[in-house]
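S.K.: Would you mind keeping the following structure in view while I ask a few things?
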Amino acid sequence: MTDDDASSTELPIRDDMIRLGQLLKLASLAEDGAEAKALIDNGLVQVNGEIEERRGRQLHPGDTIRVNGATLRIVRG
């Protein structure tokens, strides 16, 4: 377990998948789709340790997202 794993917040989802833009809104890291797009376009979003450039990226339980110092781990809800 890394330090990031220890300090991550679990974010439960109902389905097997959620898109990155939806997740940013669900986690209150973006107010709307435009803000989510801006975060992604500015390289401020990492998925599983790599900068992600696609707002429609499919995320699944076990994926880790890092935005502006906040780390989220998707879990099945």
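Throughout, read-outs are computed from the coordinates displayed, never taken from laboratory work. In this text the structure is predicted, and so the values were computed from the model without any measurement. In this analysis, Cβ positions are derived from the backbone assuming ideal geometry, glycine residues included, and neighbour counts consider all displayed protein chains.
S.K.: With r defined as the distance between the Cβ atoms of Arg54 and Arg76 and R0 fixed at 35 Å, what FRET efficiency is calculated, to the nearest 0.05? All intermediate terms of the calculation are to be shown ahead of the outcome.
M.R.: Working: r = 23 Å, r/R0 = 0.64.
For Arg54 and Arg76, the calculated efficiency is 0.95.
S.K.: A further question on this structure: For Cα pairs less than 8 Å apart in space and 6+ apart in sequence, what is the mean separation divided by the residue count of the chain, i.e. the relative contact order in percent?
M.R.: Numbers: 122 pairs, mean separation 30.4, N = 77.
Normalised by residue count, the contact order of the chain is 40 percent.
S.K.: How far is it, in nm, from the label point at Ser28 to the one at Ser7 when both lie 7 Å from their Cα along the line to the Cβ?
M.R.: 2.0
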